[in-house]
Amino acid sequence: MKLNRRRFLAATAATLTMPATIDFASAEEKVIRFAMPQDFTRVYTFVTAEYSQGQRDYITLVNERGGINGYRIIADVSDHGNDLPRAIEAYEKAKREGAVLIDPLSTPVARALVPRALEDKINMVTAFSGRSDAADGTAFPYVLPLSPNYWTQAGLLVDYFRQQDKDLKGKKIVFVHIDTPFGREPLPILQVLSQKLGFEFQAFPYTPPGNDQSAIWPQVRRARPDWVMFWGAGVGQTVAMSEAVRNGLPMDRVCSSVWLSESDMDVIGREQVKGVLKVEPCVSGKDPKPVQAIINEVVSKGKGAGPENKVGTSYYNYGVMMGAIMIEGVKKAFERNPGGPITGLWLNEGLRSITNFTAEGMIPPMTVTKEDHQGGGGGRIARWDGTKFVPATDWFAANQDVVWAEIRKSSEEFRKSGK
Amino acid sequence: MLYRRAGLRHTRYEDERQLWPLPFDRGLVVLVLVVLVAAPLLVNRLYLVSYLLPWVIWSTAALGLNLLMGGAGQIHLGYGAVMAMGAYGSVHLVRAGVPFEFAMVGGGLISACVGIVFGGAALRVQGLYLAMATLAMQYVVDFVISHVPMISGGTQATIQVPTVRFLGIPVAGDLPTYYVALIICAIVTVFILNVGRTSLGRALAAVREKDYAAEIIGVNTFKFKLLAFWISSFIGGVAGSVLAVCYLRAISPDQFHIELSIQLVAMVIVGGLGSVLGSFFGAALILFAPIVLNNLIGGIADGLGLSISTDLRSHVPLMLYGALIIGFLLWEPLGLAKIYNNVRNYFFVWPFRHAQR
């Protein structure tokens with residue numbers, strides 16, 4: 001059959017009208033619906049794929065064990081491509097289907113959905129993304145980062161430098177960052193800390209998306225820094241590391257946020273970047289109990305959501321961690337109101353009463369309250385040893401006073417706006 | 001059958017000058033308008049807030065760009081930045097206490113003033129070079145917005161849009177936002193339709209076809225090129241302001257990046273350069289094809305119980321979408337509006353296909 005104009009038009013029209021005529025919805029009793037429209041195609045790509053795989057595997061594990069109180073958890077995964085009309089459509093669809101939680105895993109999308117989530121009372125989880133000031137639960141009751149934000153991560157790193165060098169007075173810390181609001185975010189914290197601890201601080205912005213940073217790194221080398229922090233996402237991270245290697249910076253004094261994974265190391269060469277440090281919000285590798293349980297009860301039965309070799313990678317474990325926290329929220333919600341009804345408010349009460357939760361030793365003890373949506377801001381520093389990330393410290397929290405001053409300042413601005 | 005005509009013959013100039021000379025077309029326009037106005041009663045809320053509302057707003061923007069690209073033949077790759085200026089300008093004006101009606105016009109004026117400066121490049125360069133000049137505008141505006149905390153709104157770079165009043169009614173909730181967007185869209189549509197039959201429209205068409213030929217027949221190309229940028233940027237600014245207030249409700253710089261500009265250019269080209277109807281068709285296709293295809297593939301996978309990987313499931317819609325765009329450009333380079341026209345022409349004298357038009 002030759003493809004001509006008329007056939008092309010007919011096929012297109014048929015395809016585009018099909019969803020309107022077929023109703024795919026399936027009615028099911030006793031379910032709790034989580035919406036996970038995430039960016040699988042545009043900016044975050046493999047990050048999302050690994051994160052989502054971990055999240056879904058954990059939820060499968062819970063469902064395989066009989067769900068929570070007889071309720072099955074449905075994780076509705078779709079792609080929003082970091083595009084707002086698509087994300088808003090996915091959000092509204094989730095709302096109609098009765099989702100009580102949405103996890104967009106995208107900073108622009110999360111920021112744009114804030115007014116809607118607050119109005120519709122749907123819990124929006126913004127792990128390692130979205131607004132950092134959402135840690136202030138009094139201003140953002142339905143926006144839950146449930147993870148150390150970027151200010152906290154910067155605070156953790158600076159405290160690690162202090163632990164290593166005993167005193168940071170006169171030391172020089174260089175901050176290489178992508179020149180976007182996300183990349184500039186830690187600047188106020190670093191400035192305050194440099195005043196407080198007496199270190200010299202210098203920032204080097206590179207233009208997004210950061211696939212060429214060759215002009216910046218020689219300047220970084222010439223600055224003779226004691227510590228280098230690089231802050232970016234996606235391609236910018238691997239380029240930053242390879243430029244650091246090329247400029248002969250001591251790799252055991254180079255560090256980044258939570259956004260560094262085995263996949264990044266593969267791009268540069270695992271041996272090349274030995275010593276690089278990062279902030280770790282949860283234990284990586286296959287050892288944590290939840291990951292072991294997933295391997296035994298989900299992956300080995302062929303029910304895994306993705307390739308088996310990704311199980312236990314950093315971002316996979318972030319997904320498991322967030323899945324575990326969400327499920328803990330559901331458990332707490334049942335403890336408080338066993339009869340339901342299953343609504344955003346119901347889950348919100350549960351999520352905001354998580355106390356000393358460690359996900360069987362996978363994460364630092366986490367307590368979420370109505371004021372603190374960050375969950376304490378605990379984490380640890382891990383070092384890449386050429387094959388895996390090895391913890392360099394125990395779980396700790398640091399500089400939370402400075403971080404919270406910034407959170408309150410920013411959330412106060414938010415409260416005043418939008419009226 | 002539909003048009004009940006044996007050809008197009010007018011006996012009075014007034015008849016020919018009408019926007020829609022044929023009774024059938026007038027009926028169709030009224031019907032579409034009635035459907036759009038009654039949409040909140042007719043369609044599910046989901047379709048109102050996540051399909052109709054963005055469609056109306058993006059169509060308004062596409063109309064503005066189409067005036068410039070299709071009407072005056074000047075390419076613009078920075079229309080997203082134009083909308084950004086309108087959005088930020090009007091939101092800051094609203095926050096400063098200016099009523100929304102004026103803030104919207106103010107946002108439009110800010111866009112128009114900056115737009116005309118970069119449009120000035122069109123006086124010297126054309127085609128690809130103009131594309132580069134407008135692209136530069138996109139990046140300059142992006143840079144300024146995200147580097148001036150006063151504009152972008154502090155470390156989080158997000159500004160919440162306050163609830164505004166339009167003609168005394170608070171623009172909040174599903175209905176008022178939709179109707180405000182619809183009213184603005186209707187005004188812009190009527191304006192653009194009328195541009196085509198005024199001296200302005202004819203002058204722009206002359207500039208589009210060949211600028212020095214236009215100069216020779218007495219069209220002031222200096223004036224009309226700048227005017228085209230002025231009008232189009234003004235509409236873009238107003239559309240940006242409507243986008244911010246009615247749809248986004250929280251604006252951040254990344255919403256107006258190059259992706260938005262490319263999206264709008266695609267809408268205009270796929271819809272049909274210079275066609276009002278095409279702007280609406282193009283906006284619908286570019287906005288909703290990815291969503292519909294995504295839901296379709298997801299639905300098929302769930303419905304049939306296929307376990308396809310998320311990677312495949314999220315990339316197949318993109319591949320289909322790409323194929324769709326290529327297909328339309330290949331088989332109907334004149335755009336979706338031309339397809340409508342073909343159908344209309346067929347039925348025009350149907351069943352007497354050999355009758356004179």
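The values are calculated or read from the model by the stated rules, or taken from the named source; none is laboratory data. Owing to the predicted nature of the structure, the values given are computational and were not obtained by experimental measurement. Here the Cβ positions follow ideal geometry from the backbone for every residue, glycine too, while neighbour counts run over all protein chains shown. Ligands, DNA and RNA are stripped out before the accessible areas are found, and what is left, the full protein with its side chains, is counted by its heavy atoms. Shrake-Rupley method; radii C 1.70, N 1.55, O 1.52, S 1.80 Å.
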Filter pass, A:Gly302 being assigned by TED's automatic domain parsing to the domain that holds A:Pro186 and either open to solvent by 30 Å² or more (accessible area, probe 1.4 Å) or at positive phi (or both): no
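For the range A:189-207, name all the residues that are within 19 Å of A:Gly236 (Cβ to Cβ) and open to solvent by 70 Å² or more (accessible area, probe 1.4 Å).
Passing the criteria: only A:Thr207.
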In the range A:30-69, the residues that are part of a strand (DSSP E or B), of a type in the set (A, V, I, L, M) and open to solvent by less than 10 Å² (accessible area, probe 1.4 Å): A:Ile32, A:Ala35, A:Met36
All positions within the range B:141-174 that are assigned to a helix (DSSP H, G or I), more than 9 Å from chain A (Cβ to nearest Cβ) and in contact (Cβ under 8 Å) with a residue 40 or more places away in the chain: B:Val141, B:Asp142, B:Ile145, B:Ile151, B:Asp174
Meets criteria (open to solvent by less than 10 Å² (accessible area, probe 1.4 Å), within 14 Å of chain A (Cβ to nearest Cβ), touching a residue at least 60 places away in the same chain (Cβ under 8 Å) and within 18 Å of the chain's Cα centre (by Cα)) for B:Gly240: yes
Residue that is nearest to the other protein chains (Cβ to nearest Cβ), among those in the range B:299-321 that are part of a helix (DSSP H, G or I) and hydrophobic (A, V, I, L, M, F, W, C): B:Leu318
The one condition in (1) in contact (Cβ under 8 Å) with a residue 60 or more places away in the chain; (2) farther than 16 Å from A:Phe175 by Cα that A:Asp226 fails to fulfil: (2)
Only listed residue being among the β-branched types (Val, Ile, Thr) and in a helix (DSSP H, G or I), chosen from A:Val291, A:Val390, A:Val283: A:Val291
The lone exception for A:Gln219 - which of (1) surrounded by fewer than 19 Cβ atoms within 10 Å (Cβ to Cβ); (2) in contact with a Leu (Cβ under 6 Å, 6 or more places away or on another chain) it fails: (2)
Test: A:Glu280 is within 21 Å of the chain's Cα centre (by Cα) and surrounded by fewer than 24 Cβ atoms within 10 Å (Cβ to Cβ): no
Candidates A:Arg111, A:Arg162, A:Arg131 - the one that is closer than 22 Å to A:Trp404 by Cα, within 12 Å of chain B (Cβ to nearest Cβ) and open to solvent by 10 Å² or more (accessible area, probe 1.4 Å): A:Arg131
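Listed here are the residues, each with its yes/no results for (1) assigned to a loop (DSSP other than H, G, I, E, B); (2) in contact with a Ser or Thr (Cβ under 9 Å, 6 or more places away or on another chain).
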site	(1), (2)
A:Leu345	no, no
A:Gly350	no, no
A:Thr369	yes, yes
A:Ile381	no, yes
A:Asp394	yes, no
A:Ala398	yes, yes
A:Trp404	no, no
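Here is a list: B:Leu296, B:Leu329. Which entry is more than 8 Å from chain A (Cβ to nearest Cβ), out of contact with any Lys or Arg (no Cβ under 6 Å at 6 or more places or on another chain) and outside any loop (DSSP other than H, G, I, E, B)?
B:Leu329
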